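A.B. asks: Provided herewith is a single structure, encoded as structure tokens, for subsequent inquiry.
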Amino acid sequence: MLIFFIVPLLFVGIYWYQNEIFKNTSYHKITHNSFLSTRTDLGRNGEYLTYKNLKGYEDKGGKFLFNCYLPKDDGTTTEIDVMLINEDGIFCFESKNYSGWIFGDERSRNWTQILPKGKGRSHKEKFLNPITQNKVHIKWLKKQIGESIPVHSVIVFSQRCTLKKVTIESLDIHVINRPMIVATVKGIASCQSEKLTNETINKLYDSLYPYTQVTESVKLQHVDNIRNKKLDKHYSEASKTRFSEEIQVKSVETKKRLEEVKVADPGICLKCGAELVLRTSKRGENLGKQFYGCSSYPKCRFIRNL
């Protein structure tokens, strides 16, 4: 009978120990995600495992950023899963915590994931070319940091999947399974002749960190934009299909949550969901008066009076 008490206590002890370690990681401190939600969410877990494999770089002066929402010219955002900033530049990791077989090439619009269904059957899923995704991330990242900082693109799939046929032509793009991540970063570093100083690393980190601490409304708007983009580009001719309807329902649900967040947070623009900033009127009858204006100005001209 004693074993029925010992086993649960053992599991609780292991969970408590792992949770305490997790709370001291950069991943938790930046994302504020709980240990349980990170373990149970496939995407978050993939990001955390990517960080965990590379955590040793922190002892060498490297710095990590997660879920960095960078602004684009059209008012939307692009999200970088994981970034490592060290003397060799910025490593942008696009995390794909998938299983099954992966097929794709650098120039294809979509890649394919094949999952076994048993009895010799399989199921195919299409997903956006992750190389293209990371190219978009890096484009807007360079708009923030300039062209002089070296930026490296690494697509990281889990060890649970097989890169069955993945064709890459560019030498500066790396598509790997997670167990190869340390060797890949070392290989890229060996080709870097110029090194970033600690001062530059810290400046880059400080300039990009705020984009990891965006409001909940920005995150919700980002998700909604992705869903609407999928619907517009891939499902416009079959808008009455089940998948299309599901996307539309989720979009409506997200918009409801977005409105709730906007109303609850007086620092959020009620028009576009961006943050409000304190401004001072420089002309007209309100000269010298302060007000809250949208940070997306001039694209959004929402004003909240004090």
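A.B. asks: In this model, which of Lys52/Lys219; Lys96/Lys142; Lys135/Lys282; Lys143/Lys282; Lys135/Lys165 are farther than 32 Å apart at the alpha-carbon?
C.D. replies: Among Lys52/Lys219; Lys96/Lys142; Lys135/Lys282; Lys143/Lys282; Lys135/Lys165, the Cα-Cα distance tops 32 Å for Lys135/Lys282.
A.B. asks: Right, something else. Calculate log10 I(q)/I(0) of the stretch 46-169 for q = 0.10, 0.13, 0.15 Å⁻¹, where I(q) comes from the Debye formula with a single equal point scatterer on each Cα and nothing for solvent.
C.D. replies: Calculated log10 I(q)/I(0) at the listed q: -0.36, -0.60, -0.77.
A.B. asks: If you put +1 on each Lys and Arg Cβ and -1 on each Asp and Glu Cβ, how big is the dipole of the stretch 44-139 around its Cα centre, in Debye rounded to 20?
C.D. replies: Around 660 debye, computed over the stretch 44-139.
A.B. asks: Separate question: Largest first, what is the accessible-area ranking of Ser217, Ser281 with a 1.4 Å probe?
C.D. replies: The most accessible residue leads, giving Ser281, Ser217.
A.B. asks: Heavy atoms only, probe 1.4 Å: what % of the accessible area of the stretch 105-224 goes to carbon and sulfur, would you let me know?
C.D. replies: That fraction is 51 percent.
A.B. asks: Largest first, what is the accessible-area ranking of Tyr15, Tyr48 with a 1.4 Å probe?
C.D. replies: Sorted by accessible area, descending: Tyr15, Tyr48.
A.B. asks: Here's a follow-up. Which one, Ala189, Ser158, Phe103, is farthest towards the positive end of the dipole of the stretch 75-202 when Lys and Arg carry +1 and Asp and Glu -1 on their Cβ?
C.D. replies: Going by the Cα projections, it comes out as Phe103.
The values are calculated or read from the model by the stated rules, or taken from the named source; none is laboratory data. Quick caveat, the model's predicted, so the values are computed rather than measured. A quick note on method: Cβ atoms are made from the backbone with ideal geometry, for glycine too, and the neighbour counts reach across all protein chains shown. Accessible surface is based on the protein model in full, side chains and every heavy atom, while ligands, DNA and RNA are left aside. Shrake-Rupley method; radii C 1.70, N 1.55, O 1.52, S 1.80 Å.
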